[in-house]
Amino acid sequence: LLSRPVAFAQIWKSWFSSHSLVGNKNIILMGPPGAGKTTIGRIVGQKLDCPVIDIDDDVLETTWNMSVSEKLQDVGNEQFLEEEGKALLKFSASGSVISLTGSNPMHAAGMQHMKKNGIIVYLDVPTMVILNRLKSMKVERIVGLSPGISLKDILQFRKQFYNRWYDIRVLCGGDTAAEVVAEKVLDAVKRHQNSELETFISTRSSRSGRSMEKDSHKYFGDVVTESLAPDGGLFVPERGLPKFTAGEWQSLIEATYIERAQVILERCIHPADIPASKLAEIIGTAYGENFTCSKIAPVRHLAGNQFLLELFHGPTASFKDFALQIVPHIFAYCIPRSCNYLVLVATSGDTGSAVLDGFSRLHDTDKQRIAVMNFFPEDGVSPIQKSQMIGCQEENAWSVGVKSDFDFCQTAIKQIFTNSDYTGFLTVEYGTALAAANSINWARLLPQIVYHASAYLDLVHQDIIPFGSPVDVCIPTGNFGNILAALYAKRMGIPIRKCICASNENNVLTDFIRTGGYDLRGRKLIRTFSPAVDILKSSNLERYLHLIADEDGELVAQLYNQLENQGHFQLQKDLLEKLQQDLVAGWCSEEDCLAAIHSVYSTTGYILDTHTAVAKVVADRLQDRTCPIIISSTAHYSKFAPAILRALRIAEINQNPISQLHLLSSYSPLPPVHWGLLETLKKRGHEDHQVCAADMSMLMSRIETLIQNHFM
């Protein structure tokens with residue numbers, strides 16, 4: 001026998017274990033029949049040493065004095081749900097693990113009652129796994145089953161109710177042991193109860209500085225609104241990104257794009273920052289009707305082992321829509337109601353219209369407190385891109401052409417953010433804070449991780465590869481955000497072998513990846529047919545260097561101070577070796593870009609945009625053909641009509657953008673001309689915009705004028 005002090009200590013430890021995790025709240029397990037709720041509930045209860053209640057056995061059958069199947073047969077589907085709900089309303093417990101029935105979530109009042117004192121954990125098991133389990137269990141009758149309605153239909157129908165109620169989702173693969181799922185439930189509940197673990201740091205903060213600044217932690221909502229760290233660095237999660245097991249990824253193979261986005265973003269954003277229900281609303285709004293393709297980001301076979309990830313089906317026809325249809329809603333949710341915000345953005349072409357379009361879709365009440373100012377190189381974007389940015393202007397969203405290049409626009413915004421006197425003045429004088437919508441903002445990167453992961457899962461779903469087989473990805477790269485998202489997807493468990501960085505004639509990244517030397521001395525920006533990658537200072541490279549330097553913020557700060565002051569830096573040999581395990585790089589000339597567009601169209605009828613053509617040329621040169629390669633098609637060719645028409649060797653090109661699109665359409669191309677873009681040009685093509693000299697004081701003056709006009 002245990003001595004009394006030891007026995008008391010064990011009882012206390014057991015009580016403290018469950019009480020410290022959830023207090024008097026219940027852990028409520030929800031999921032379809034066959035999800036393992038009862039078994040997993042017992043294991044979780046044993047681990048926490050707390051009461052375990054199975055609604056089927058301990059509540060319903062006790063209340064009814066008959067089995068659940070007998071009750072269902074006796075009263076029928078509708079009456080069964082009503083009586084099941086009434087039983088829930090009379091039920092009360094605290095500090096327990098409760099396993100719901102598969103149909104409990106269909107009774108709203110009953111679930112609201114349960115949710116008041118519980119954390120609802122959704123055991124998310126793939127439908128095909130559930131069907132196989134129910135077949136092996138010889139389950140022939142569940143609520144809703146009737147002639148003409150299959151078991152699969154019922155399971156799909158019920159998902160909407162599960163999605164409505166859960167606080168936490170736990171992915172359960174087909175062969176995951178109940179003990180493992182129980183541990184995942186406990187880990188997920190611990191995460192839900194402790195947002196303190198998910199803080200953000202600057203890429204330039206020292207480890208000693210972090211330990212001294214524990215009282216000034218930054219959370220997701222903070223980094224969304226602040227964008228740039230006070231020391232000039234970029235925010236990154238202190239504990240890194242979540243990792244998915246192979247089984248968890250495989251459970252998403254059958255999922256839709258929106259379902260995959262929900263699962264991945266839930267793991268990257270703490271529910272204390274954005275609850276799962278609100279995140280689902282945001283994702284549904286962003287991707288539900290605004291994309292012209294139901295698959296959102298389809299993967300198309302091009303030729304041989306090459307596949308195109310089509311990222312241009314959004315409202316402004318570029319990959320920027322994936323983040324910028326979501327970020328405005330995240331931003332509006334996270335910012336305090338007591339302050340107005342002006343969102344600044346610098347664009348090399350596609351970001352501007354995507355930001356303007358995204359923020360213009362906010363509710364009117366949010367538009368009154370959130371405005372956008374977009375800076376773009378006046379002579380450094382395509383005519384259609386400029387028309388699009390001018391056409392996307394709204395009452396809360398403006399475009400300003402700057403007589404310089406993208407690097408100046410981006411550097412100017414960074415300098416404005418780190419000018420505490422100026423930002424402080426705007427806050428005190430006008431009650432307005434500044435924020436950024438460029439990919440320096442952490443929230444911009446997360447939706448991009450989703451489409452890289454989804455592309456891999458699509459190849460598995462199409463039986464191109466089995467899960468676990470590697471792929472390469474090739475991405476036209478300027479500011480390093482898109483390729484960084486692919487590198488993050490790799491870290492989270494997607495089997496990406498190499499990321500191929502494709503540059504145009506502004507090939508500073510190619511040189512850097514090959515040599516470790518980032519050298520801007522003597523380089524001048526070259527205007528090319530692919531303006532979105534006409535960039536010399538790649539902002540998001542800083543986040544990647546911080547990652548491979550094992551979060552050595554002092555080293556990153558040293559490198560970027562040297563770049564700022566001397567125009568170059570050189571990576572140490574060990575860091576370069578780490579980098580080259582992930583990345584290879586190449587670049588493409590203007591002639592080769594146009595030749596690739598012509599060649600692909602001649603052989604397939606498919607038209608690449610100029611950026612995708614850059615990636616195609618580099619992929620052809622660098623791939624070793626031992627695995628599939630996914631090429632990111634980052635924009636629709638319609639945005640670059642003059643270059644496309646030139647590539648197709650059409651001699652006379654009308655300067656009117658609308659005429660150019662009609663001419664392209666006459667070729668019956670794949671994919672079709674982006675008619676949403678055409679409609680934007682028709683409606684708004686004649687509006688005006690501001691033009692500003694490349695002068696910091698003038699940019700700051702424009703910002704102040706906009707604030708006065710919109711908020712005062």
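When ligands, DNA and RNA are left out and all protein chains stay put, how many square angstrom of accessible area per residue does the chain have with a 1.4 Å probe?
Details: 28440 Å² over 712 residues.
Result: 40 Å² of accessible area for each residue.
Can you list the residues of the stretch 180-194 with backbone N under 16 Å from a point 7 Å past the Cα of Arg42, pointing along Cα to Cβ?
180-183
Considering only protein heavy atoms, what is the solvent-accessible area of Ile282 at a probe of 1.4 Å, reported in Å² to the nearest 10?
Here the residue's solvent-accessible area equals roughly 10 Å².
If R0 is 35 Å, what FRET efficiency do you get for Gln566 and Asp187 from their C-beta distance, rounded to 0.05?
Numbers: r = 46 Å, r/R0 = 1.33.
Between Gln566 and Asp187 the formula returns 0.15.
Assuming R0 = 51 Å, can you tell me the calculated FRET efficiency for the pair Glu429 and Gln558, based on Cβ-Cβ distance, to the nearest 0.05?
On the way: r = 36 Å, r/R0 = 0.71.
The value I calculate is 0.90.
Expected output is a single nm value to one decimal: the length gained when fully extending between Asp231 and His461, i.e. 0.36 nm times separation in residues minus the C-alpha distance. What is it?
Working: separation 230, 0.36 × 230 = 82.80 nm, distance 4.45 nm.
Full extension of this stretch gives 78.3 nm more.
What distance in nm lies between label points placed 7 Å from Cα along the C-beta direction at Asn654 and Asp49?
If labels sit at Asn654 and Asp49, their model points lie 8.1 nm apart.
May I ask for the Kirkwood hydrodynamic radius of the stretch 482-559, worked out over all distinct Cα pairs and given in angstroms to one decimal? The partial results should precede the final answer.
Working: mean 1/r = 0.0715 Å⁻¹.
One over the average 1/r among Cα pairs gives 14.0 Å for the stretch 482-559.
Of all the accessible heavy-atom surface of the chain, with the other protein chains kept in place and a 1.4 Å probe, what percent is carbon and sulfur?
Working: 14260 of 28440 Å².
Carbon and sulfur atoms account for 50 percent of the accessible area of the chain.
Under a crude label model (7 Å from the Cα following the beta-carbon direction), how far is Asp511 from Gln581 in nanometres?
Output for this residue pair reads 2.8 nm.
State the Kirkwood hydrodynamic radius of the chain in Å, one decimal place, computed from all pairs of distinct Cα atoms.
Values: mean 1/r = 0.0365 Å⁻¹.
It is 27.4 Å.
So which aspartates and glutamates pass the test for Lys295, namely a Cα distance under 18 Å, with those fewer than 8 places away in the same chain ruled out?
Counting by Cα, and skipping residues close in sequence, Lys295 has these aspartates and glutamates nearby: Glu254, Glu259, Glu310, Asp321, Asp458, Asp463.
What's the Cα-based Rg to Rh of the stretch 26-193, Rh via Kirkwood?
Numbers: Rg = 15.0 Å, Rh = 16.1 Å.
Ratio of gyration radius to Kirkwood radius for the stretch 26-193: 0.94.
Zone of Leu520 (label point 7 Å along Cα→Cβ, backbone N under 13 Å): which residues in the stretch 527-550?
535-542
Of the peptides 308-316, 363-371, how do they stack up when ordered by the mean number of other Cβ atoms within 10 Å, highest first? Don't jump to the answer; show the numbers that get you there.
Working: 308-316: 25.4, 363-371: 16.0.
Descending packing order for the listed peptides: 308-316, 363-371.
State the Cα centre-to-centre distance between the stretch 376-446 and the stretch 649-712 in whole Å.
Comparing the Cα centres of the stretch 376-446 and the stretch 649-712, I get a distance of 16 Å.
What are the lysines whose alpha-carbon lies under 24 Å from the alpha-carbon of Lys184, with same-chain residues fewer than 8 places away excluded?
The reachable lysines, counting only those whose Cα sits under 24 Å from Lys184, are Lys13, Lys25, Lys37, Lys47, Lys115, Lys116, Lys159, Lys243, Lys278, Lys490.
If you take the charge dipole of the stretch 26-193 about its Cα centre, with +1 on Lys and Arg Cβ and -1 on Asp and Glu Cβ, which of Gly118, Met66, Val139 is farthest toward its positive end?
In the stretch 26-193, that residue is Gly118.
Sketch the reach of a paramagnetic label on Ala178 as a point 7 Å from Cα along Cα-to-Cβ, and name the residues of the stretch 87-110 whose backbone nitrogen lies under 15 Å away.
Under 15 Å, as judged by backbone N against the label point of Ala178, lie 98-100 of the stretch 87-110.
Report, in listed order, any pair from Lys71/Lys152; Lys403/Lys616; Lys367/Lys537 with a Cα-Cα distance greater than 28 Å. The partial results should precede the final answer.
Working: Lys71/Lys152 23 Å; Lys403/Lys616 32 Å; Lys367/Lys537 32 Å.
Pairs exceeding the cut-off: Lys403/Lys616; Lys367/Lys537.
Estimate the FRET efficiency between Met698 and Lys278 by the formula 1/(1 + (r/R0)^6), using the beta-carbon distance for r and 60 Å for R0, to the nearest 0.05.
0.90
With a 1.4 Å probe and all protein chains kept in place, how much accessible area does Trp249 have, in Å² rounded to the nearest 10?
Around 0 Å² of this residue is reachable by solvent.
From the residues Ala595, Cys627, Ser208, which one has its Cα farthest along the dipole of the chain in the positive direction, the dipole being from +1 and -1 charges on Cβ of Lys/Arg and Asp/Glu about the Cα centre?
Positive-end residue among those listed: Cys627.
What's the center-to-center distance, using Cα atoms, between the stretch 464-491 and the stretch 303-356 in Å?
Using only Cα atoms, the two centres lie 19 Å from each other.
Summing -39500 (n - 2.57) over the DSSP H runs of n ≥ 4 in the chain and dividing by its residue number, what mean residue ellipticity at 222 nm do you reach, to the nearest 500 deg cm²/dmol? Intermediate values should be presented prior to the final figure.
On the way: 33 runs with 350 residues, N = 712.
Only helices count here, giving -14500 deg cm²/dmol.
Within the chain, what percent of beta bridges assigned by DSSP are antiparallel, to the nearest 5?
Numbers: 15 of 69 bridges.
The answer is about 20 percent antiparallel.
The values are calculated or read from the model by the stated rules, or taken from the named source; none is laboratory data. These numbers come from a predicted model, not from an experiment. Neighbour counts are summed over all protein chains in view; Cβ atoms, including those assigned to glycine, are modelled from backbone coordinates with ideal geometry. When the accessible area is computed, the model is the full protein with side chains, heavy atoms only, and any ligands, DNA or RNA have been set aside. Shrake-Rupley method; radii C 1.70, N 1.55, O 1.52, S 1.80 Å.
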